[in-house]
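The values are calculated or read from the model by the stated rules, or taken from the named source; none is laboratory data. What you see is a predicted model, and the numbers here were worked out from it, not measured in a lab. Quick reminder, even Gly has a Cβ in these numbers, built from the backbone with ideal geometry, and neighbours come from all protein chains shown.
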2 protein chains.
Amino acid sequence: MKDINKQTTSRNITIGDIAKELGLSKTTISRAISGKGRISAETKRKVQEYIQLHNYKPNVIAKGLAQSRTYNVGVILPADANLVEVPFFQSCLLGVCEAAAGLDYDVVVTTVTEDDITLLKRLIDNQKVDGVVLTRSLVNDLPAAYLKETGIPFVLIGSSEDEEVIQIDSNHTAGCCELTAILLKSGCNRIALLAGNQNFVVNRSRYEGYRKAFRDMEQDMDNEIVFLDRNNNVLIQQAVNAILAKGADGIICSDDFICSKVLTQLEERNVAVPDMVKVASFYNSSLLENHNPPITAIQINAKDLGITAGKKLIGMISGEKIEQKSLVDYEIALKKSTS
Amino acid sequence: MKDINKQTTSRNITIGDIAKELGLSKTTISRAISGKGRISAETKRKVQEYIQLHNYKPNVIAKGLAQSRTYNVGVILPADANLVEVPFFQSCLLGVCEAAAGLDYDVVVTTVTEDDITLLKRLIDNQKVDGVVLTRSLVNDLPAAYLKETGIPFVLIGSSEDEEVIQIDSNHTAGCCELTAILLKSGCNRIALLAGNQNFVVNRSRYEGYRKAFRDMEQDMDNEIVFLDRNNNVLIQQAVNAILAKGADGIICSDDFICSKVLTQLEERNVAVPDMVKVASFYNSSLLENHNPPITAIQINAKDLGITAGKKLIGMISGEKIEQKSLVDYEIALKKSTS
DNA sequence: GTGAAAGCGCTAACAG
DNA sequence: CTGTTAGCGCTTTCAC
């Protein structure tokens, strides 16, 4: 009536229990599990059989403590007011989760805003993660700077001019260049750009691509119909007004959020797409998915970015040498909005 | 040149270092930090001063191991194909993160699908969390059943008939009843319901509320214009066709995803909202935000649900007695689509 | 091949 | 009020 069949009670079975049960030492059990060190095939088999049978699961926390690792990676999501619902980040997160689970890591999430990284600091201070995935890149990148200072491994979903930062991104400059070129070739003369926060590297890259298209095709670009930092409804509305007043025949939106706002504006003013103005966008999320007419957009697979980021980061943690830049493909989905 | 100013090197400072430095025992340091046990104000001050000065951060993992806790909570997100981009879950997650950070917990994320909970099992097996937040409720709820079996604390964002499950939800039945009643009062006679997966408790509750409105107002309900389990584009399209053919003058959509599809369909058929048919929906997310005309919808603050869920769960973990059901308010935003 | 012992950084009796 | 002693569950030298 004392410790017979302890299994039934709360406490989880430990490596020590197995050792006792099998008349071996904890060391041996540990070796049988990890595969490290020399061990006879026979004992290994016996241990594994026992483990199987009793459904033993090693305590990752204890293992981590012994190795000074956590087997967790952090994913940092932006919590700025207008970004919390952007599906891109959610998909990135799920991608990292998928990669992590496959490598026996878990994902802990926290948030930062453009100018407040206290929650990131907390995560690092508490030593809860072995590395971090940053899901967006800023020009003045507080999180990246901080992580660099601490020396903890991290990767960036996005691009940075800092060559020491491991980056996972698609080529936004090339994408926007291609998109702009398509509009130019399809007969548009006056193509407007409506872009978001220029403190986000991605928006700068797209602007860069837009300009490149004009240079490449030796066409004149009109700065009067380029609108940057248009990250709220009012600014977008003003931009759309200006764009229409100046007789643009094409609009490139730097993201799906902006695009959906633009489309609403155009609708309200009875400006037909694509007849009166063609529209193209970046990142074809659910925000755009149902629009009529369908919107031409650069397709970025955010989940793939997350998966790649997760794998690279865990590789880094495990001491692998990781290339500084991983490019993930994008695709252009040509739809009626530019036809 | 040996261990002078060890601070600079990699290793983090530990409780032992402080003890040695201050000529005290580890226990005393521990007590000074936790506030547990008796300790003189003076030593406490000294320790805290040292901690402050040297920016010591306790190792949460080690603390956890000693106490058999992780100071992590799990958040389980649905990974079913058509749900990954639903902003509701993202907002819930951020809510839990916020609550957790405030209580010195972290959030680890994983996913399940309707019929696959291996990743949840993995998380529990690995003993990485002290409790779990489920972000949606199924009729045949694998995750809830599994967690109940393991005995680990968990809360459900959503509703369940299982009275032992701690639930955080808004009253969807009342909400849908109210919404339906508003349409009925505004002169609609034939109000259609277009609802999603009936294995989700929330969709059943809304259906229930819809019926209740008719009963309450002693009006006849027409089952021919009630469409359930409409969780993809094709099924929604068919439903919209049928709804129009049967001369409905109002449509209630059980979520924003369905609603955005419905609106697209109506637009394509040149059916004017609200002139020819009124439309109302649940959960006013970015998917609906920009629509013209604006859509009447039940506003559910997903982040608040997350915050409440996080707090309740951590309360539970800490041994508090938690009420079985927490209702979070909803609001009805009356917009042009039903005027 | 296997085991003993120390230790990861902290907490928790139990003494004094 | 403070210190001593064991752990938490696992890994990792170092012997044998």
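I'm checking my understanding of the structure. Among residues of the range B:57-106 that are assigned to a loop (DSSP other than H, G, I, E, B) and more than 26 Å from A:Ala62 (Cα to Cα), which one is modelled with the highest pLDDT? Steps first, please.
Residues of the range B:57-106 assigned to a loop (DSSP other than H, G, I, E, B): B:57-59, B:68-71, B:79-80, B:84-86, B:103-105.
Now drop any that are not more than 26 Å from A:Ala62 (Cα to Cα), which leaves B:79-80, B:84-86.
Working: B:Ala79: 93, B:Asp80: 89, B:Val84: 78, B:Glu85: 79, B:Val86: 83.
Residue satisfying both the conditions and the ranking: B:Ala79.
Do we have any residue at all in the range A:26-44 that's of a type in the set (Val, Ile, Thr), more than 10 Å from DNA strand D (Cβ to nearest atom) and either more than 24 Å from B:Ser68 (Cα to Cα) or away from chain B (no Cβ under 14 Å) (or both)? Step through it out loud before you land on a result.
Within the range A:26-44, the first condition is being of a type in the set (Val, Ile, Thr), and the residues that meet it are A:27-29, A:33, A:39, A:43.
Remaining after also requiring more than 10 Å from DNA strand D (Cβ to nearest atom): A:39, A:43.
Then keep just the ones that are either more than 24 Å from B:Ser68 (Cα to Cα) or away from chain B (no Cβ under 14 Å) (or both); that gives A:39, A:43.
The answer is yes; a qualifying residue exists.
I need a count of the residues in the range A:95-107 that are among the hydrophobic types (A, V, I, L, M, F, W, C), at the interface with chain B (Cβ under 8 Å from one of its Cβ atoms) and surrounded by 24 or more Cβ atoms within 10 Å (Cβ to Cβ). If you could, list the steps in order and put the result at the bottom.
Of all residues in the range A:95-107, those among the hydrophobic types (A, V, I, L, M, F, W, C) come to A:96-97, A:99-101, A:103, A:107.
Then keep just the ones that are at the interface with chain B (Cβ under 8 Å from one of its Cβ atoms); that gives A:97, A:101, A:107.
Okay, now just the ones that are also surrounded by 24 or more Cβ atoms within 10 Å (Cβ to Cβ), so A:97, A:107.
Number satisfying all stated conditions: 2.
Between a residue in the range B:19-34 that is farther than 24 Å from B:Asp104 by Cα and any residue that is among the basic types (Lys, Arg) and more than 8 Å from DNA strand D (Cβ to nearest atom), which pairs come within a Cβ distance under 9 Å, given they are 6 or more apart or on different chains?
B:Leu22/B:Lys46; B:Leu24/B:Lys46
Could you grab me the full set of residues in the range B:125-140 that are within 9 Å of another protein chain (Cβ to nearest Cβ), in contact (Cβ under 8 Å) with a residue 12 or more places away in the chain and surrounded by fewer than 22 Cβ atoms within 10 Å (Cβ to Cβ)?
B:Gln127
Would it be correct to say that A:Ala242 is at pLDDT 95 or above, surrounded by fewer than 17 Cβ atoms within 10 Å (Cβ to Cβ) and of a type in the set (A, V, I, L, M)? Reasoning before the result, please.
On the way: at pLDDT 95 or above: yes; surrounded by fewer than 17 Cβ atoms within 10 Å (Cβ to Cβ): yes; of a type in the set (A, V, I, L, M): yes.
Taking the combined requirement at face value, the residue satisfies it.
Does A:Glu85 qualify as being of a type in the set (Asp, Glu) and more than 7 Å from chain B (Cβ to nearest Cβ)?
On the way: of a type in the set (Asp, Glu): yes; more than 7 Å from chain B (Cβ to nearest Cβ): no.
Answer is no for this residue.
Would you mind finding the one in B:Leu235, B:Leu244, B:Leu228 that is under 22 Å from B:Gly175 (Cα atoms) and more than 14 Å from chain A (Cβ to nearest Cβ)?
Values: B:Leu235 fails: under 22 Å from B:Gly175 (Cα atoms); B:Leu244 fails: under 22 Å from B:Gly175 (Cα atoms).
So the residue among B:Leu235, B:Leu244, B:Leu228 that is under 22 Å from B:Gly175 (Cα atoms) and more than 14 Å from chain A (Cβ to nearest Cβ) is B:Leu228.
I need the helices (runs of 4 or more DSSP H) fully contained in the range B:230-289, keeping only those with at least 1 residues that are under 24 Å from B:Asn301 (Cα atoms). Talk me through it step by step, then tell me what you get.
Working: elements: B:233-245, B:256-268, B:286-289.
Hits in the range B:230-289: B:256-268, B:286-289.
Do we have any residue at all in the range B:301-310 that's more than 11 Å from chain A (Cβ to nearest Cβ) and either in contact with a Lys or Arg (Cβ under 9 Å, 6 or more places away or on another chain) or on the phi > 0 side of the Ramachandran plot (or both)?
No - not one qualifying residue is present in the range B:301-310.
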